[in-house]
Amino acid sequence: EKVIKGFAHTALYTTKFKETINFYKEIFDAKEMGYFKTKTDACWLSVGDDILEIFNEESLGDGAFKHIAIECDNVDNLFEKALKCGAAPHVYPKDISLALNEKVEARIAFIKGINGEQIELFERK
């Protein structure tokens, strides 16, 4: 019996709520799933098969999060698109090899989003 199914969502705290939603919609074709309110406004976005939960915060304290990885089919094109949409380059596209349970060959790059969050672009080879 499998109890753990995987991550339910990744939460991002931002002081630029609407701009952040538009940023993820423009670059990653995220779809709005709906808005809700806790102590602040929040939104769920579907990004491929996953969910990004965005909270409108007055300050970020320790930061938004370390990084999220978005799987894509062309790192180089998405990297250039992100830069045109206001992202900053963090790690330029490169090929990597990971020795996990099975060897994983990939092309990756990192950008910094409009909140300074690190976003890894991940293309499995």
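The values are calculated or read from the model by the stated rules, or taken from the named source; none is laboratory data. Remember, predicted model here, so these are calculated numbers, not experimental data. Here Cβ is always computed from backbone atoms with ideal geometry, including for glycine, and neighbour counts include all displayed protein chains. Accessible surface is based on the protein model in full, side chains and every heavy atom, while ligands, DNA and RNA are left aside. Shrake-Rupley method; radii C 1.70, N 1.55, O 1.52, S 1.80 Å.
Evaluating 6.51 cos²θ - 1.76 cosθ + 1.60 at θ = phi - 60° for every residue in segment 40-53, the Karplus couplings come out as 8, 6, 8, 8, 9, 10, 8, 10, x, 8, 10, 10, 10, 9 Hz, glycine and proline recorded as x. When the surface is traced with a 1.4 Å probe over the full set of protein chains, residue 112 keeps roughly 70 Å² accessible. Each principal axis of the Cα atoms in segment 73-121 has its own extent, and those three values, largest first, are 36, 19, 14 angstrom. Within the assembled protein chains, the solvent-accessible surface assigned to residue 108 is about 10 Å², based on a 1.4 Å probe.
Please list 85, 43 from largest to smallest accessible area, probe radius 1.4 Å, with all protein chains kept in place. Kindly include the intermediate steps, with their values, before the conclusion.
Details: 85 45, 43 0 Å².
Accessible-area ranking of 85, 43, largest first: 85, 43.
Of all aspartates and glutamates in the structure, the ones whose alpha carbon falls short of 15 Å from that of residue 94, not counting any fewer than 8 places away in one chain, are 71, 73, 76, 80, 105, 120, 123.
So, R0 is 30 Å and r is the distance between the beta-carbons of residue 84 and residue 44; what FRET efficiency does that work out to, to 0.05?
Details: r = 26 Å, r/R0 = 0.87.
Efficiency at R0 = 30 Å is approximately 0.70.
Taking 0.36 nm per residue of separation and subtracting the Cα-Cα distance, full extension of the segment from residue 32 to residue 98 would add 20.4 nm. Compared with the dominant Cα axis of the chain, that is its longest principal axis, helix 17-28 is turned about 30°.
Against the main long axis of the alpha-carbon atoms of the chain, helix 75-84 sits at an angle near 40°. Cross-link partners for residue 39 among the aspartates and glutamates, with Cα-Cα distance under 13 Å and sequence neighbours closer than 8 places in the same chain left out: 57, 58.
Counting only protein chain heavy atoms and rolling a 1.4 Å probe, the accessible areas of 95, 49, 76 rank, largest first, as 49, 95, 76.
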